[in-house]
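The values are calculated or read from the model by the stated rules, or taken from the named source; none is laboratory data. A quick note: this is a predicted structure, and the numbers were derived from the prediction, not measured. Here Cβ is always computed from backbone atoms with ideal geometry, including for glycine, and neighbour counts include all displayed protein chains. In case anyone asks, the SASA skips ligands and DNA or RNA and just uses the protein heavy atoms, side chains included. Shrake-Rupley method; radii C 1.70, N 1.55, O 1.52, S 1.80 Å.
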Amino acid sequence: MVTSLDDAKRIAIASKLADMKEIQALLMENEQTLMSACNDEEIRQRLQDMLEDDRKNMGILETVIVQYGVKGEPKSTTQEMVKSVKRLMQGSELSLYEKFAQHELLKHGQTMSGLLIHKAAQVVGADVEAAITPLNTVNFENRAHQEQLKGVLEVIGVRELTGKEAEQGLWARVQDAVAALSGVAGSVVSRTDDEMNIQDVIRMDHQKVNMLFAQIEGSDNPQKIQEYFGQIYKDLTVHAEAEEQVVYPAVRSFYGESDTQELYDEQAEMKLMLDSIKAMSPSSSEFKQQVKRLKDAVMDHVRQEESTMFAAIRNNCSDEQKERLATEFKAAKAKLQERLAATMK
C-alpha cells in the first residue's frame, strides 16, 4: 500500500492555496467592477493592467496547485467572505473610495497568504518548496499592486472629501516604490505568460521528484521513507500519464517516431519499477537500493526530455502552442490526480 505525504501540515497548505484561488477570482471580478464605476482614465488603465496581471496570476496559482498535488478545499469562512465582498462591491452601500479600500485590503491579505505558504513550505519539506516556487511571482505582483492602490486611494479619497484634486506627491512616491520593488524582485515581477510554457511545467515536476529522492536518501526513518516514496509514486504516475496523453502525441511528428517511442518505453519500465517497490517494505535493506535504481532511470529520462525533446519543442512550436500544451498538461494532471486519489482511499 502506498502511504502518501497528505499529512495535516500539507493539507493545511493545500487549503490555503484553495483560499488564494477563491480570492484571486474575487480580485479579478472586483477590478472589472471598479473599472465600470470609475471615470478616471488613468486609474481605469491601472486597473486594466492589474486585471491582466491577475489573470496571469490565476494561471500561476492553478499551476502551483497542480504541481503541489495535494487536494484542498477553501474554508467555509473564505467562501462566505467572498459572497459578502461581492455584494458590497456591486451595491451602493460603499463609496468608490471604500470599494477601492476593500480591494487594497484583499490585495494585502493575498500577499500575506502567499508569503505564509512560502514560509510554511520551508518548514514542511523541500518538495513543497519546489512545487510552490512560481507563487513568488504572484506575491511580488500583489505587493506592487498594493503600492499602486495607495496612490489611487489618495486621489479618489480627496475627490470624495473635497471635490478637488489631490497633490500628486504620494502618487509620485508610489511610482518610486513600485520601481524599487521591481528592482528588488528582478525578472520575477515582470515575468509574462509566455514563460510558463510546457517546458517550464515539466521541469517543475522533475525538480520536485528529485527533491523527494533526496529526502529518501537522507532519511533512516522507515515511515518517512515510505511517505516520501508514496509521494514519488503519485507524482511520477500522474506525470507519466499526462505526458503520454498530451505531450508525446504532440511532439511525435517533429521529435521523431523512434525517439518518442523511447520515451514511452522508458516510462513503461519506470511504472513497473514503481509497482515493484510499492510492494516492498521500506525497512528492508533492498528498498533504498531499488529506489536508487528508479532514480537513475528517472534522471536518464529527465536528461533526454530536457535536452533533445525540449530543444525540438523550442524549434517547432510557437509560444502560443507551448502555452496551450502547458494548459492541457496541467488539466490532464488535475484529472489524473483526482482519479488516483479516489483509487487510494
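How many of the residues making up the range 274-292 are open to solvent by less than 60 Å² (accessible area, probe 1.4 Å) and either hydrophobic (A, V, I, L, M, F, W, C) or touching a helix residue (DSSP H, G or I) at 6+ places or on another chain (Cβ under 7 Å) (or both)?
Residues in the range 274-292 being open to solvent by less than 60 Å² (accessible area, probe 1.4 Å) and either hydrophobic (A, V, I, L, M, F, W, C) or touching a helix residue (DSSP H, G or I) at 6+ places or on another chain (Cβ under 7 Å) (or both): 8 in total.
Among the listed residues Leu51, Leu34, which satisfies the condition of being over 30 Å from Lys119 (Cβ atoms) and either without any contact (Cβ under 8 Å) to a residue 12 or more places away in the chain or not small (Gly, Ala, Ser) (or both)?
After applying the criteria, what remains is Leu34.
Could you run through the range 199-249 and say how many residues are open to solvent by 10 Å² or more (accessible area, probe 1.4 Å), without any contact (Cβ under 8 Å) to a residue 40 or more places away in the chain and assigned to a helix (DSSP H, G or I)?
Qualifying residue count, the range 199-249: 3.
Here are some conditions: (1) closer than 30 Å to Ile132 by Cβ; (2) crowded, with 16+ Cβ neighbours inside 10 Å. Lys271 meets all but one. Which one does it not meet?
(2)
If you take the residues of the range 294-316 that are open to solvent by less than 30 Å² (accessible area, probe 1.4 Å) and under 23 Å from the mean Cα position of the chain (by Cα), which of them is farthest from Leu272 (Cα to Cα)?
Once the filter is applied, the top-ranked residue is Ile313.
Checking Ser281 against (1) modelled with pLDDT under 95; (2) closer than 26 Å to Ile60 by Cβ: exactly one of these is not met. Which one?
Unmet for Ser281, out of (1) modelled with pLDDT under 95; (2) closer than 26 Å to Ile60 by Cβ: (2).
Out of the helices (runs of 4 or more DSSP H) lying entirely within the range 75-171, which hold 1 or more residues that are farther than 30 Å from Gly218 by Cα and open to solvent by less than 40 Å² (accessible area, probe 1.4 Å)?
In the range 75-171, the matching helices (runs of 4 or more DSSP H) lie at 76-90, 96-124, 135-162.
Test each condition in (1) among the polar types (S, T, N, Q); (2) farther than 26 Å from Ala341 by Cα; (3) surrounded by 15 or more Cβ atoms within 10 Å (Cβ to Cβ) for Asn39 and report the one that comes out false.
Condition not satisfied by Asn39: (3).
What is the number of the single condition among (1) more than 27 Å from Glu338 (Cβ to Cβ); (2) in a helix (DSSP H, G or I) that Tyr264 does not meet?
(1) is the only condition that Tyr264 fails.
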